[in-house]
Amino acid sequence: MTTAPTPRPRRALLRAALIPASLAASLVLVPLPAATAAAPATPAPTEAGPLRIHDIQGGTRISPQAGKPVTGVPGIVTGVRAYGSAKGFWIQDPNPDADPATSEGVFVFTGGNPTVKVGDSVLVSGKVTEYYPNFNGGSQSLTEISAPGVTVLSAGNPLPAAVVVDTRNIPGRYAPAAGPDGSIDGVELDPEKYTLDFYESLEGMLVQVQDVRVIQATDKYNELWVAADRQDQRSKRGGVLYESYREPNVGRLMVQQQAAAAQQPFPVANVGDELTGTTSGPLDYNNFGGYTLVAGTLGTLKDNHLQREVTAKPNDRELTIATYNVENLAPGNPDAKFAELAQGVVTNLRSPDIVALEEIQDNNGAKNDGTVDASQTVAKFVAAIKAAGGPAYDWRSVDPQDGKDGGEPGGNIRQVFLFNPQRVSFTDIPGGGATTAVGVTGTGAGAALTASPGRIEPADEAWTNSRKPLVGQFSFRGQKVFVIANHFNSKGGDQGIDSRFQQPTRGSEVQRTKQATVEQAFVARLLAADKEARIVSLGDFNDYQFSPALAALTKDGVLRDLVNELPETEQYSYVYQGNSQVLDHILVSPEVGYAKYDVVHINAEFAQQASDHDPQVVRIKP
């Protein structure tokens with residue numbers, strides 16, 4: 001499973017208030033309590049104090065009152081969250097000031113179940129804290145009042161009007177320049193110029209979107225993403241495309257709901273569906289999506305009937321090669337997952353001659369007992385494909401060393417070649433192993449691998465705690481074809497595009513660029529031995545078509561990235577934080593001139609997924 005920037009942990013987390021080092025000398029922030037314990041209460045106020053919410057929020061991301069007690073802050077309750085680890089409620093001042101940079105809303109963290117109701121007029125005392133959902137990961141902070149004492153003055157009051165968030169007021173520039181410390185924490189907000197400043201100026205306030213398109217399907221945490229700005233670059237099937245580091249899509253908003261799903265079902269939506277009418281609620285911030293509309297009112301779901309794609313039927317003289325990340329496939333997974341993945345191979349990919357699989361786990365999955373053999377996993381998948389009407393695939397792989405290739409602990413994920421022996425033959429060359437580097441022998445038509453299957457430079461530091469490329473030599477209609485199955489290191493640890501650090505650091509791409517450099521050198525050696533060598537390199541590269549890693553892999557024209565030959569609106573294989581993006585690639589050497597390439601969209605845009613990646617397939621004529 002690969003995500004950008006980091007695999008999503010479970011939501012049942014404890015909360016802690018954290019402070020940036022640059023502010024440690026001036027702020028003393030009190031840790032927030034565990035989710036299971038109510039916060040120690042501050043005495044309930046008897047009268048309004050001197051400060052209003054906009055005084056607490058201030059004109060930057062950090063409250064001028066951070067670490068200090070406040071008393072009798074007035075507001076109207078605009079939303080209540082009574083489940084999860086962030087129980088509390090939002091209040092908003094119905095009498096705003098004239099400064100557009102100062103929010104009029106704030107979250108009150110109770111820890112236990114809130115006793116207030118929407119529409120209550122309240123006074124709140126407590127301590128102002130800056131909560132960083134992921135301080136080390138670069139998240140921004142959420143200004144809160146913690147350990148509250150609350151007095152309800154009256155009930156049933158009208159709510160302040162929600163701010164409509166749409167193309168008319170979302171700025172076109174995403175993030176401001178950072179301050180001297182590299183952070184935007186202390187930078188004065190300019191909500192008319194920068195998207196992140198605009199959202200921050202509305203933190204905790206009621207906002208609404210109207211008739212919005214879903215750009216990321218509902219996930220298992222009951223959340224989805226919508227396009228509040230209709231000018232973001234639209235994909236062919238209704239998402240928004242992530243096209244460069246310089247131009248993040250400004251209109252992406254996560255949508256959650258205030259009610260628990262057990263009390264109020266959350267809409268199950270696919271990309272391209274719509275939430276019609278009004279969706280409104282306080283604007284929150286979290287580690288899994290940045291700025292988030294926590295809906296008290298949800299629009300009505302309009303199903304636009306997104307269909308899973310089926311690739312074009314190949315002709316008999318075309319060799320078809322596919323890649324599919326099957327997301328930690330193990331024998332203990334439900335039979336339904338095997339069946340759904342198999343149906344994708346047989347129906348949607350039309351039973352390719354060769355399939356490079358990523359994330360095949362060992363025979364006992366995540367059990368960490370030294371097992372590295374994956375024969376049971378592969379056999380179960382091959383049987384599922386046969387049961388779905390596909391061919392009786394043969395397969396080849398190289399077992400990794402235990403615990404050396406990253407991924408889920410104990411899972412020992414690896415790449416595997418499936419191939420249809422009725423269409424293509426595998427050239428078995430002994431000598432390949434987990435620690436043995438495959439080489440090239442011979443020249444011209446006699447060029448061959450020293451081991452097939454083999455691994456490319458497995459001892460190189462580029463592959464530390466990461467999957468080593470698997471290379472195999474095949475024959476189709478008497479023509480030699482070299483195939484490299486890849487799964488580069490993940491984006492775990494990268495700072496998000498909504499980070500308080502701008503520009504965010506993408507530390508993981510350093511290793512991927514090293515990996516690409518090592519593989520490019522191997523491909524160059526193979527081409528030096530035979531300039532007409534037909535090479536296909538494919539898999540989950542965990543990086544974008546415009547990234548340094550892909551630039552390194554295609555250096556000197558040894559490979560060309562086929563995703564760049566698709567129409568722009570079709571260039572994506574994965575959806576993360578509302579961005580349709582490219583993580584999977586198929587690349588070919590110069591001799592492979594005829595290459596009909598397709599990203600087959602069957603997973604990433606759907607609430608029901610067999611995997612989080614879309615597979616890809618290419619038809620070539622060796």
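Taking 7 Å along the Cα-to-C-beta vector as the label spot, tell me the VAL268-ASN368 distance in nanometres, rounded to one decimal.
3.4
In degrees, nearest 10, range 0 to 90: what is the angle between the Cα axis of helix 375-387 and the longest Cα principal axis of the chain?
Once rounded, the angle reads 90 degrees.
Would you work out what percent of the accessible area of the chain, with all protein chains in place, is carbon or sulfur (probe 1.4 Å)?
That fraction is 51 percent.
Counting only heavy atoms of the protein chains, get the accessible area per residue of the range 147-303 (1.4 Å probe) and round it to a whole Å² value.
With all protein chains present, the range 147-303 gives 39 Å² per residue.
For GLN233 and ASN136 in one chain, what is 0.36 nm times their gap in residues minus the Cα-Cα distance, to one decimal in nm?
Extending this stretch completely gives an extra 31.8 nm.
Within 10 Å, count the other beta carbons around each residue, average over each peptide in 182-193, 155-166, 280-291, and list them highest first.
Output ranking for 182-193, 155-166, 280-291: 280-291, 182-193, 155-166.
With labels modelled as points extended 7 Å from the Cα through the Cβ direction, what inter-label distance (nm, one decimal) is found for ALA383 paired with ASP399?
Between ALA383 and ASP399, the simple spin-label model gives 2.0 nm.
Could you pull out every one of the lysines with an alpha carbon less than 22 Å from that of LYS117, ignoring same-chain neighbours closer than 8 positions?
LYS87, LYS127
Count the DSSP beta bridges whose two residues both fall in the chain, then state the antiparallel fraction as a percent rounded to the nearest 5.
80
Mind scanning LYS367/LYS404; LYS220/LYS367; LYS380/LYS491 and naming the pairs with a C-alpha gap bigger than 22 Å?
LYS220/LYS367; LYS380/LYS491
Could you give the angle, 0 to 90 degrees to the nearest 10, between helix 509-529's Cα long axis and the longest principal axis of the Cα atoms of the chain?
Once rounded, the angle reads 10 degrees.
In debye to the nearest 20, how big a dipole does the chain give about its Cα centre with +1 on each Lys and Arg Cβ and -1 on each Asp and Glu Cβ?
It works out to roughly 1100 debye.
Zone of ASN465 (label point 7 Å along Cα→Cβ, backbone N under 18 Å): which residues in the range 542-572?
542
What accessible area per residue, rounded to a whole number of Å², is obtained for the range 436-552 using a probe radius of 1.4 Å?
In whole numbers, the range 436-552 has 32 Å² accessible per residue.
Quick one: if the Förster radius is 25 Å, what FRET efficiency do THR436 and ARG317 give, using the C-beta to C-beta distance and rounding to 0.05?
0.10
Students often get this wrong, so try it: which of (1) 27.0, 96; (2) 31.1, 114; (3) 26.7, 90 is Rg and Dmax of the Cα atoms in Å as calculated from the structure shown?
It is the one labelled (3).
Which lysines does LYS386 reach when only Cα atoms under 16 Å apart count, and residues fewer than 8 places away in its own chain are ignored?
Within reach: LYS337.
Name the residue farthest towards the positive end of the dipole of the range 37-181 from the options GLY75, LEU142, GLN92, assuming +1 on Cβ of Lys and Arg, -1 on Cβ of Asp and Glu, about the Cα centre.
Toward the positive end, the furthest listed residue is LEU142.
Check the straight Cα-Cα distances from LYS480 and name the lysines below 22 Å, setting aside those fewer than 8 residues away within the same chain.
LYS531, LYS596, LYS621
Only four residue types carry charge here, +1 at the Cβ of Lys and Arg and -1 at the Cβ of Asp and Glu. Report the dipole size of the range 450-491 about the Cα centre in Debye, rounded to the nearest 20.
In total the dipole reaches around 240 debye.
Normalising by the residue count of the range 473-622, find the relative contact order in percent from Cα pairs under 8 Å and 6+ residues apart.
Relative contact order, the range 473-622: 21 percent.
Select from PRO430, THR297, THR279 the residue farthest towards the positive end of the dipole of the chain; place +1 on Cβ of Lys and Arg, -1 on Cβ of Asp and Glu, and compute about the Cα centre.
PRO430
The values are calculated or read from the model by the stated rules, or taken from the named source; none is laboratory data. Just so you know, these numbers come straight off a predicted model, no measurement behind them. Backbone-built Cβ (ideal geometry, glycine too); neighbour counts: all protein chains shown. Remember, those area values only see protein heavy atoms, side chains included, never the ligands or the DNA or RNA. Shrake-Rupley method; radii C 1.70, N 1.55, O 1.52, S 1.80 Å.
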